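The values are calculated or read from the model by the stated rules, or taken from the named source; none is laboratory data. If you're wondering where the values come from, they're calculated on a predicted model, not measured in any experiment. Glycine also receives a Cβ, built like all others from the backbone with ideal geometry; neighbour counts cover every protein chain displayed.
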Amino acid sequence: MDVVSMGETMVLFTPDTQGQMRYARNFSSKMAGAETNTLIGLAKLGHKTGWISRVGKDEFGSFVLSAVRAEGVDTSQVTTDKNAPTGIFFKEMLNEKNVRIYYHRKYSAASFLDPIYIKEEYIANTKYLYITGITPALSQSCRDSIFYAIEIAKKHGKKVVFDPNIRRKLWSDEEARKTLLAIAEMADIVLPGINEGEFLFGTEDCEELAELFHNHGVATVIIKRGEKGAYYSASSEKGYVQGFKVEKVVDPVGAGDGFAAGVLSGLLDGLTLEKCVQRGCAIGALVTTVSGDIEGLPDREILEAYTELPGSDDVTR
């Protein structure tokens, strides 16, 4: 396995029309979750990925499992819960620059994720453990599961990649800050956005944020700057990568997950850190051009065409 992740994936309902959701009469349904978005992005690029989670023993759970599996992600470590439902959420598209998300996930099956459901050998046999700051916010057992997974990864010498992905509605600022910094200190690579960096350290300066994360023991820091690109910092290299221009943003949700997929893909392909970040920026931009969290994730051919690379060798070296 190349990358393993854990977290909740839900059924997403989106109105067929823009504007306030109260006026919507028809909805389309899809599945979406930060971790599976990234895993699917990696699978589309030919990497082997696996997902640890729980879903309800219901039709929504069957839909999620079927959809994630169909995208090439291993779901053998997903358990079903007959007593708790699969979570759902709604995306209200007021316009392309104003998107509201409404979650209905309290007491969902995924919130009962527990270390007992995590098999050590599954994480021991992967190259990267990818986690986000959403999962530890769902419940204490989810938080315990995250730290347990990290301990396993560290025990077996596996790299831990962490996207803080803060959801402030799920817990208090104090609890979030304390927990996310504790996770960051155990991670090898951290992928914060500017707003997340400001939340954790009180500054929006990329270079200062990188140093602050380094001071907490993080070896590699990659800070997402939205349409401006990203800043990366490690012991041997640092610098800015320019973002890819998007003429029209259709749906910005999921861009960060695509960015993570690009960075991880680059690492797996042995690219330099700068090239990994460039790939992250490219995929993040592509995601925003299509409605939906995973629909804009590219395969190799689409990625090559978008980045104007002449051949697959240039992408994979």
### Message
Scan the range 25-47 and tell me whether some residue there is outside any helix (DSSP H, G or I) and over 30 Å from ILE302 (Cα atoms).
### Response
yes
### Query
Between a first residue in the range 73-96 that is among the small types (Gly, Ala, Ser) and a second residue that is assigned to a strand (DSSP E or B), which pairs have beta carbons less than 8 Å apart while being 6 or more apart in sequence or on different chains?
SER76/GLY50; ALA84/ARG54; ALA84/GLY56; GLY87/MET10; GLY87/VAL11; GLY87/TYR103; GLY87/HIS104
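To keep it simple, each residue is scored yes or no on (1) of a type in the set (Lys, Arg); (2) out of contact with any Leu (no Cβ under 7 Å at 6 or more places or on another chain); (3) surrounded by fewer than 19 Cβ atoms within 10 Å (Cβ to Cβ).
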{"residue": "GLY46", "(1), (2), (3)": "no, yes, yes"}
{"residue": "GLY50", "(1), (2), (3)": "no, yes, no"}
{"residue": "SER53", "(1), (2), (3)": "no, no, no"}
{"residue": "GLU59", "(1), (2), (3)": "no, yes, yes"}
{"residue": "THR80", "(1), (2), (3)": "no, yes, yes"}
{"residue": "ALA84", "(1), (2), (3)": "no, yes, no"}
### Task
Identify, by number, the condition in (1) assigned to a loop (DSSP other than H, G, I, E, B); (2) modelled with pLDDT of 95 or more; (3) among the hydrophobic types (A, V, I, L, M, F, W, C) that LEU267 doesn't meet.
(1)
### Message
Of the conditions (1) modelled with pLDDT of 95 or more; (2) out of contact with any helix residue (DSSP H, G or I) (no Cβ under 7 Å at 6 or more places or on another chain), SER236 satisfies every one except a single condition; which number is it?
### Response
(1)
### Task
Go through the range 61-77 and give me each residue that's buried (at least 16 other Cβ atoms within 10 Å of the Cβ) and hydrophobic (A, V, I, L, M, F, W, C).
PHE63, VAL64, LEU65, ALA67, VAL68, VAL73
### Message
Taking the criterion of being β-branched (Val, Ile, Thr), within 24 Å of GLY258 (Cα to Cα), within 17 Å of the chain's Cα centre (by Cα) and at pLDDT 95 or above, would at least one residue in the range 176-183 satisfy it?
### Response
yes
### Task
Scan (1) surrounded by 15 or more Cβ atoms within 10 Å (Cβ to Cβ); (2) in a loop (DSSP other than H, G, I, E, B) for the single condition THR17 breaks and write down its number.
(1)
### Task
Output the qualifying pairs, or none if there are none: Cβ atoms under 7 angstrom, residues six or more apart or on different chains, first residue in the range 261-283 and in contact (Cβ under 8 Å) with a residue 60 or more places away in the chain, second residue polar (S, T, N, Q) and surrounded by 21 or more Cβ atoms within 10 Å (Cβ to Cβ).
ALA261/THR38
#### Entry: Only one of LYS119, LYS159 that is within 14 Å of VAL3 (Cα to Cα), surrounded by fewer than 24 Cβ atoms within 10 Å (Cβ to Cβ) and in contact (Cβ under 8 Å) with a residue 24 or more places away in the chain
LYS159
### Message
Given the condition surrounded by 24 or more Cβ atoms within 10 Å (Cβ to Cβ), more than 16 Å from the chain's Cα centre (by Cα), of a type outside the set (Gly, Ala, Ser) and farther than 29 Å from HIS156 by Cβ, answer yes or no: does some residue in the range 229-237 qualify?
### Response
no
### Task
Examine the range 100-109 for a residue that is among the small types (Gly, Ala, Ser), surrounded by 19 or more Cβ atoms within 10 Å (Cβ to Cβ) and either assigned to a helix (DSSP H, G or I) or touching a residue at least 60 places away in the same chain (Cβ under 8 Å) (or both), and state whether such a residue exists.
yes
### Message
Here is a list: LYS159, LYS154. Which entry is in contact with a helix residue (DSSP H, G or I) (Cβ under 8 Å, 6 or more places away or on another chain), farther than 22 Å from ASN37 by Cα and not acidic (Asp, Glu)?
### Response
LYS154
